[in-house]
Amino acid sequence: MADAILLIEDEKNLLSVIKLNLEMEGYAVTAFDNGDQAWQKFRGSQYALIILDVMLPGMDGFELCRNIRKVDKHTPILFLTARGDAEDRIQGLKLGADDYLTKPFHLEELLLRVKSLIKRSSPVSHSGGSEKFSFDGNTINFLSYEIITADGLKHQITKREIELLRLLIDHKNEVVPRDMILEKVWGYESIPSTRTVDNYIVSFRKYFEPDPKNPKHFHSVRGVGYKFTE
């Protein structure tokens, strides 16, 4: 069965071009040029990906993203918009978007990002096939994106955090090269800086380590990559 994509874009010519090209790639596309109509359709359907403009008639893209994330924390959302300043990108990502592509854009780049987001969100085997993984009093639920730390606190974390945790745990006690992390977790050429990955590791230490300044589980190996030690 073809992966279903919900496309919301108020420029009708662009909407038609994107829809046609996605369908040529084998996706099943449901398209709207109005945020309110898209929200009503979303509530009764399931999608592999949502492509979302910001400036829409009716409910705007930010509000639509916020509403979707209240009921669905897993379906990837790609913002596609002319509003490319840093504040808008940050707001979109804080609301739960997975990616942000500004107009004008190269169609091939859009298709690569679509493929990457759907691939990353598809169910795959991980951590011995279990949906949960426990270590040192901590529990990670790979399906619900929840962690329970050794002090009993529950946290909802992001999809990218889950993907990075899963990759490190699947290669536990091994150094995972930074290039592999960028390929498997970020998945396309628009990649973060080394500092960005380091920040994720710092967050994991705060969640899971008894003494974050002296970690025993999440290690940075300078010039090479990162390692999870069980």
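Could you list all residues from the stretch 90-132 that are at pLDDT below 75 and either at negative phi or outside any helix (DSSP H, G or I) (or both)?
Within the stretch 90-132, Arg120, Ser121, Ser122, Pro123, Val124, Ser125, His126, Ser130 qualify.
Determine whether Val29 is in a strand (DSSP E or B), outside the structural domain of Ile157 (by TED's automatic domain parsing) and at pLDDT 90 or above.
yes
Please determine, by comparing only the residues of the stretch 1-30 that are small (Gly, Ala, Ser) and closer than 20 Å to His106 by Cα, which one is surrounded by the most Cβ atoms within 10 Å (Cβ to Cβ).
Restricting to residues being small (Gly, Ala, Ser) and closer than 20 Å to His106 by Cα, the top hit is Ser16.
(1) farther than 20 Å from Ser116 by Cα; (2) crowded, with 18+ Cβ neighbours inside 10 Å; (3) small (Gly, Ala, Ser): which one isn't true of Ala48, the others all being true?
The failed condition is (1).
Inside the stretch 60-89, can you point out the residues that are farther than 16 Å from Ile50 by Cα and either assigned to a helix (DSSP H, G or I) or touching a His at 6+ places or on another chain (Cβ under 7 Å) (or both)?
Those that are farther than 16 Å from Ile50 by Cα and either assigned to a helix (DSSP H, G or I) or touching a His at 6+ places or on another chain (Cβ under 7 Å) (or both): Ala86, Glu87, Asp88, Arg89.
Of the conditions (1) within 14 Å of the chain's Cα centre (by Cα); (2) at pLDDT 85 or above; (3) surrounded by fewer than 15 Cβ atoms within 10 Å (Cβ to Cβ), His74 clears all except one; give me its number.
For His74, the exception is condition (2).
For Leu101, work out the one condition from (1) over 21 Å from Met24 (Cβ atoms); (2) touching a helix residue (DSSP H, G or I) at 6+ places or on another chain (Cβ under 7 Å) it doesn't fulfil.
The one condition Leu101 does not meet is (1).
Just give me the residues in the stretch 161-177 being crowded, with 18+ Cβ neighbours inside 10 Å and either more than 19 Å from Lys132 (Cβ to Cβ) or among the acidic types (Asp, Glu) (or both), in sequence order.
Result: Glu161, Glu163, Val176.
Among all residue pairs at least 6 apart or on different chains, which show Cβ distances below 9 Å where the first residue, located in the stretch 98-110, is touching a residue at least 60 places away in the same chain (Cβ under 8 Å) and the second is part of a helix (DSSP H, G or I) and of a type in the set (S, T, N, Q)?
Asp98/Ser121; Leu107/Asn21; Leu110/Asn21
With respect to Thr81, determine if the residue is in the same structural domain as Val17 (by TED's automatic domain parsing), of a type in the set (S, T, N, Q), closer than 15 Å to Ile8 by Cα and surrounded by fewer than 16 Cβ atoms within 10 Å (Cβ to Cβ).
No: the conditions fail for Thr81.
Which residues, taken from the stretch 205-223, are part of a strand (DSSP E or B) and hydroxyl-bearing (Ser, Thr, Tyr)?
Hit for the stretch 205-223 is Ser220, nothing else.
For Leu56, are the conditions met, namely being surrounded by 22 or more Cβ atoms within 10 Å (Cβ to Cβ) and part of a helix (DSSP H, G or I)?
no
The values are calculated or read from the model by the stated rules, or taken from the named source; none is laboratory data. Bear in mind the structure is a predicted one, so any value in this text is a computation, not a measurement. Please note: Cβ atoms are built from the backbone with ideal geometry, for glycine as well, and neighbour counts cover all protein chains shown.
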